[in-house]
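**Student:** Just dropping this structure here.
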Amino acid sequence: MAAALTVPSSAVDDLPEGTPIVAFDHVSIGFETHKVLTDISFSVARGETRIILGPAGCGKSTLMKLANGLLDPDAGEISIFGRKLSSMSEREVFAMRAHVGMVFQESALFDSLDVEDNVAYRLHEDKVPEDQIHDRVVEALRFVELEKAISKFPSELSGGMRRRVSIARAIITKPDLILYDSPTGGLDPITSTTIIELVVKQRDVSSTTSLLITHRLQDAFTLATHRWDTTTNSMQKIPNGDLDPNTKFLVLNEGHIVFDGTTRELTHSTDPWLKAYLE
Amino acid sequence: MSLFSPEAYAKSVVASVQEYSLLAGRAVGDLFSRPRYIADTFTQMDSIGVGSLPIVVLTGFFTGCVLALQAAVSLKEFGAVNMTGRLVALSMVKELGPVLTGLMVSGRNASGMASELGSMKVSEQIDAMRALGTDPIRKLVAPRIVATVFMLFFLTIISDACGTGGGALIAVTLLHLNGPAFFHTAYMSLVYGDVIEGLTKPLFSGFIIASIGCYYGLTTTGGTRGVGRATTQAVVVSSVLIILCDFLVTQFMIGIFGR
Ligand SMILES: Nc1ncnc2c1ncn2[C@@H]1O[C@H](COP(=O)(O)OP(=O)(O)O)[C@@H](O)[C@H]1O
Ligand SMILES: [Mg+2]
């Protein structure tokens, strides 16, 4: 694919200092009958992990699809890597997505392809030579500790395994932005912890900018209070009750932003709704 | 349940037609630029063409048989039973071969496409494909349109041949007509215009089947129930459109060839 070969390997290297990776500017969207998001403005700096919290149905997934250009806002402006989505042509949006990895709420693996082809999907599309593809797929699957499932089909995997394959598929091209939609949703606590470990590892090893939706508060706080230790190759609690400085929060309710700030600001908030929600 | 509003209904129909036209137009436009998904096109050709072969052969064959039986009864009254071959061949090539093959393939493949793409839609695989940088219209719709148009053309020829063969078999075994004479009258009756007419129809039907099947698949909403609804609608709408289109092409061809 000629278009893919001409795009730079990183979308963020040439960005001027301080340009947000994701910026929403007074964005609103509604479906036929009702408004889902109203006047949403926030930005995500380079290297930041932005955790999006909120009750079910408040528009978190919708927000994430907007960020990847999968939906168009009714009003407002969304910029990714410093470029306005509305000013890009269809082809440019597809080229922009080459730098974005997305993990869907229900994994959204291709049923007709096995794990190897699912993970390799993007490499096949970019016409990467066959011999390199296999090695990179094994590497990505090793990251999510799922090498043994390489020749299985999605229907043969458990929910947690699907989620991990989905993460492998999203990170294989080393994207500059990762969007995780409820990566732990519907999973048992142990599998959830495994997935959160992967997110922390990706955050601290590759310092990729990311957006992460969750409705499990303990997952959010694990992310804020833990870091990846490369010497022991495991997730460790940050000592002295310190917090990861790059992890920030966005809380939505009924289509509005009710909180935008750091972990400490969130835990010290006096907003009654927020306090009740965090209980 | 809200009251039926003719205005809202008319608006939704117009919106669907517009959405469908955009989809079909973009799919055709995608054929003229890279990337093209050749491997997917061959996979579809295999599933549409080879997969539909048995039903097309069987329906073609038995339609020819029935035509021969029915034609002989009527023609006998005029003492023209020798014209059976002519009637079978003309009906098969101009009308029944193209239409029945179109309807059969529509039942099998428009539904298949709507349910496959519909399941992909409701399980977010279509969004995932876009998120991975692939245009689903290019990857899913365009190959299906090419494959269906191409394969339906040849399936129609096979159906015509099986129908004429079935008619001949009945004519010889049950009606005790002369086999070579059957084929001779059949062959002599067909002119250039008839063949062109019979082979133009599947081009339109193929396009209708694939584009309608994909349209209903890609616009599926409402979970697995929605997939069932999309499948049914795809078959109903494509079947009606195939017959409507058959009428229009026939009318047009009569205008050109005078028969
Ligand atoms: N494609 C769509 N068509 C119509 N309504 C939708 C669509 N997607 C989401 N919605 C509606 O938008 C609201 C927010 O959905 P979503 O973003 O999935 O919520 P969350 O992920 O926060 O649980 C819900 O009320 C949902 O019904
Ligand atoms: Mg959601």
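**Student:** Can you tally the net charge around A:GLU17? Count Lys and Arg as +1, Asp and Glu as -1, for every other residue whose Cβ sits under 15 Å from the Cβ of A:GLU17.
**Tutor:** Residues close to A:GLU17 contribute a combined charge of -2.
**Student:** Less than 12 Å Cβ to Cβ from A:PRO175, Lys/Arg counted +1 and Asp/Glu -1: what total charge do the surrounding residues give? Intermediate values should be presented prior to the final figure.
**Tutor:** On the way: positive: A:ARG97, A:ARG122, A:ARG169, A:LYS174; negative: A:ASP176.
Spelling it out: positives minus negatives among the neighbours equals +3.
**Student:** For region B:101-259, count all C-alpha to C-alpha pairs, find those more than 24 Å apart, and express that count as a whole percent of the total. All intermediate terms of the calculation are to be shown ahead of the outcome.
**Tutor:** On the way: 5957 of 12561 pairs.
Within region B:101-259, distances greater than 24 Å cover 47 percent of Cα pairs.
**Student:** Sort the protein assembly as shown into rounded, prolate or oblate with this rule: let a ≥ b ≥ c be the square roots of the eigenvalues of the Cα gyration tensor; rounded if a/c is under 1.5, and if a/c is not under 1.5, prolate when a/b is larger than b/c, oblate otherwise.
**Tutor:** Values: a/c = 2.97, a/b = 2.43, b/c = 1.22.
Prolate, because a/c is 1.5 or more and a/b exceeds b/c.
**Student:** OK, next. Would you work out the relative contact order for chain A, in percent, from Cα pairs under 8 angstrom that are 6 or more residues apart?
**Tutor:** Relative contact order comes out at 23 percent.
**Student:** At a threshold of 8 angstrom on Cα-Cα distance, excluding pairs fewer than six apart, so keeping six or more, what relative contact order does region B:32-257 reach in percent? Each step should come with its number before you reach the end.
**Tutor:** Values: 349 pairs, mean separation 78.2, N = 226.
Contact order relative to length: 35 percent.
**Student:** In Å, what Kirkwood hydrodynamic radius results for region B:8-59 from the alpha-carbon pair distances?
**Tutor:** Its Kirkwood hydrodynamic radius stands at 13.9 Å.
**Student:** Same structure, new question: Kirkwood Rh over Cα pairs of chain A into Stokes-Einstein at 20 °C, 1.002 mPa s: D in µm²/s?
**Tutor:** Answer, rounded: 110 µm²/s.
**Student:** Still on this structure, I have one more. With every atom except the alpha carbons ignored, what do you get for Rg and Dmax of region B:102-175, in angstroms?
**Tutor:** Both quantities, over Cα of region B:102-175: 18.9, 64 Å.
**Student:** What does the charge count near B:LYS139 come to, summing +1 for each Lys or Arg and -1 for each Asp or Glu among other residues with Cβ under 11 Å from its Cβ?
**Tutor:** Within the 11 Å Cβ shell, the charges total 0.
**Student:** Now for a different question. Please find, in a Gaussian network model of chain A (springs between Cα atoms separated by less than 10 Å), the residue of A:LEU211, A:LEU252, A:LEU15 whose mean-square fluctuation is greatest.
**Tutor:** Comparing A:LEU211, A:LEU252, A:LEU15 in a Gaussian network model of chain A, the most mobile one is A:LEU15.
**Student:** Say we join alpha carbon atoms closer than 10 Å with springs in a Gaussian network model of chain A; which of A:GLU139, A:GLU116, A:GLU90 then has the biggest fluctuation?
**Tutor:** Looking only at A:GLU139, A:GLU116, A:GLU90, the largest GNM fluctuation is found for A:GLU90.
**Student:** Let me ask another. Obtain the nm distance between the two label points defined at B:VAL14 and A:HIS26 by a simple spin-label model: each point lies 7 Å from its Cα along the Cα-to-C-beta direction.
**Tutor:** Placing both labels 7 Å beyond Cα along the Cβ direction yields 3.1 nm.
**Student:** Of B:LEU248, B:LEU203, B:LEU53, which is the most mobile in a GNM of chain B whose springs link Cα atoms less than 10 angstrom apart?
**Tutor:** B:LEU248
**Student:** Separate question: Tell me which chymotrypsin sites (Phe, Trp or Tyr not before Pro) from region B:44-97 have a DSSP coil assignment and no more than 12 other beta carbons within 10 Å of their own.
**Tutor:** Within region B:44-97, the qualifying chymotrypsin sites (Phe, Trp or Tyr not before Pro) (loop, at most 12 other Cβ atoms within 10 Å) are B:PHE78.
**Student:** Let me ask another. Just tell me, in residue order, which DSSP H segments of chain B are both 24 angstrom or longer along the helix axis (alpha-carbon based) and at least -0.5 in mean Kyte-Doolittle hydropathy.
**Tutor:** Working: long enough: B:6-30 (36 Å, 0.14); B:51-77 (42 Å, 1.37); B:142-173 (46 Å, 1.53); B:192-218 (40 Å, 0.84); B:223-257 (49 Å, 1.30).
Correct list, ordered by number: B:6-30, B:51-77, B:142-173, B:192-218, B:223-257.
**Student:** Another one. Rounded to the nearest angstrom and ordered from largest down, what semi-axes does the equivalent ellipsoid of region B:193-259 get from its C-alpha gyration tensor (root of 5λ)?
**Tutor:** Working: eigenvalues 207, 17, 9 Å².
Computed over region B:193-259, the values are 32, 9, 7 Å.
**Student:** Straight-line reach from A:LYS148: which lysines fall under 21 Å, measuring Cα to Cα and dropping same-chain residues less than 8 apart?
**Tutor:** A:LYS201
**Student:** Just for the protein assembly as shown, what percent of DSSP beta bridges are antiparallel, to the closest 5? Don't jump to the answer; show the numbers that get you there.
**Tutor:** Working: 24 of 41 bridges.
Here the antiparallel bridges make up roughly 60 percent for the protein assembly as shown.
**Student:** Using alpha-carbon positions, what is the distance between the centroids of region B:1-53 and region B:176-239, in Å?
**Tutor:** With region B:1-53 and region B:176-239 each reduced to a Cα centre, they are spaced 16 Å.
**Student:** Just in region A:10-118: which chymotrypsin sites (Phe, Trp or Tyr not before Pro) are loop by DSSP and have at most 13 other Cβ atoms within 10 Å?
**Tutor:** A:PHE31
**Student:** Among the complete DSSP H segments of chain A, which ones combine at least 24 Å of alpha-carbon extent along their axis with a mean Kyte-Doolittle hydropathy of -1.0 or more?
**Tutor:** Membrane-span-like by this criterion, though nothing is claimed about a membrane: A:189-206.
**Student:** For region A:205-250 and region B:107-173, compute the distance between their C-alpha centroids and round to whole Å.
**Tutor:** Each part reduced to its Cα centre gives a spacing of 49 Å.
The numbers here are math on the coordinates, done by the rules we state, and not lab data. Every value quoted in this text rests on a predicted model; they were computed, and no experiment measured them. As a convention, Cβ positions derive from the backbone with ideal geometry for all residues, glycine included, and neighbour counts pool all protein chains shown.
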